[in-house]
Amino acid sequence: MTEIEFIYDFGGPNSWFVQRAIPAIEAQGKVRFRHVPVLLGGLFKATGNKPPMLTYGHVEAKVAYDRLEMERFMARHGITGFRLNPHFPVNTLLAMRGAIAAERLGFGPPYREAMFKGLWEDGLKLDDPAVWAETVSAAGLDAAALGALVQDDAVKAELVANTDAAVVRGAFGVPTFFLGDAMWFGKDRLRDVVEAAGGSI
């Protein structure tokens, strides 16, 4: 199978959309996704980019069209359950360090599921350490071990390194996809990168 790198941050709602579309794509057996956690705030700071709601929030037609594209994407991929987080924007530093730590502890996929669901289906304030720990525990994961590891300097450094490497390669936001050195940005380019990798949607 051909590997597609999926550069993501839990705080980007469009990363949730892609995450929900991935299982059906991978089930075809032609492509697989490698999740690469980054810090979206770090991407913005390094590139001078800003969240869409700050850049285009005053353009009513653009906001309405973005909502339409969300609905189209969900319909195309059979996705349900999305709702805007009432605490948005949520600082994802803890959650993203947790993604690095969870991989090291061997439970990356269920941790990602807990974070994505918590943020974009359950509306949780996951930058609150207590809420984060409760969410991890509710998913059946070792919150104590994970909570200790997120403080490890090597974990912190890996998240920084992932973010810096993505910037060097041209990333400025999430979701970003890489197929070799070729880059695609945004959930609406998911079909393009999958087709370029030999798969289909």
Members of region 73-96 found to be more than 15 Å from the chain's Cα centre (by Cα), outside any loop (DSSP other than H, G, I, E, B) and touching a residue at least 40 places away in the same chain (Cβ under 8 Å), listed by number: Phe73, Met74, Arg76, His77
Do we have Phe116 as part of a helix (DSSP H, G or I), surrounded by 15 or more Cβ atoms within 10 Å (Cβ to Cβ) and touching a residue at least 40 places away in the same chain (Cβ under 8 Å) here? yes
Condition (residue is out of contact with any helix residue (DSSP H, G or I) (no Cβ under 7 Å at 6 or more places or on another chain), among the polar types (S, T, N, Q) and exposed (fewer than 15 other Cβ atoms within 10 Å of the Cβ)) applied to region 12-21: is it met by at least one residue? no
When Lys187 is run through (1) open to solvent by 50 Å² or more (accessible area, probe 1.4 Å); (2) closer than 21 Å to Gly42 by Cα, the failure sits at (1)
Residues being modelled with pLDDT under 95 and open to solvent by less than 50 Å² (accessible area, probe 1.4 Å) - total across region 71-89: 0
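Conditions (1) under 24 Å from Met183 (Cα atoms); (2) β-branched (Val, Ile, Thr), marked per residue:
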{"site": "Thr47", "(1), (2)": "yes, yes"}
{"site": "His77", "(1), (2)": "yes, no"}
{"site": "Asn91", "(1), (2)": "no, no"}
{"site": "Tyr111", "(1), (2)": "no, no"}
{"site": "Ala114", "(1), (2)": "no, no"}
{"site": "Asp122", "(1), (2)": "no, no"}
{"site": "Val131", "(1), (2)": "no, yes"}
Being assigned to a helix (DSSP H, G or I), in contact with a helix residue (DSSP H, G or I) (Cβ under 6 Å, 6 or more places away or on another chain) and closer than 21 Å to Ile25 by Cα is the filter here; which residues of region 161-189 pass it? Lys187
Kindly check whether there is at least one residue in region 49-58 that is under 12 Å from Val167 (Cβ atoms) and either touching a residue at least 12 places away in the same chain (Cβ under 8 Å) or in contact with a Lys or Arg (Cβ under 9 Å, 6 or more places away or on another chain) (or both). yes
Inside region 119-130, can you point out the residues that are among the aliphatic types (A, V, I, L, M) and surrounded by fewer than 17 Cβ atoms within 10 Å (Cβ to Cβ)? Ala130
Take the residues of region 152-176 that are in contact (Cβ under 8 Å) with a residue 40 or more places away in the chain and open to solvent by 50 Å² or more (accessible area, probe 1.4 Å): which is nearest to Trp16 (Cα to Cα)? Phe172
Exactly one condition in (1) touching a residue at least 40 places away in the same chain (Cβ under 8 Å); (2) assigned to a helix (DSSP H, G or I); (3) surrounded by fewer than 16 Cβ atoms within 10 Å (Cβ to Cβ); (4) not hydrophobic (A, V, I, L, M, F, W, C) is false for Gly198; which is it? (2)
Return the residues of region 97-107 that are buried (at least 17 other Cβ atoms within 10 Å of the Cβ) and outside any loop (DSSP other than H, G, I, E, B); say none if nothing qualifies. Arg97, Gly98, Ala99, Ile100, Ala101, Ala102, Glu103
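The values are calculated or read from the model by the stated rules, or taken from the named source; none is laboratory data. Model, not experiment: these values are computed from the prediction. Cβ: placed from backbone, ideal geometry, glycine included. Neighbour counts: every protein chain shown. The protein model used for the area step is the full one, side chains on, heavy atoms only, and it has no ligands, DNA or RNA in it. Shrake-Rupley method; radii C 1.70, N 1.55, O 1.52, S 1.80 Å.
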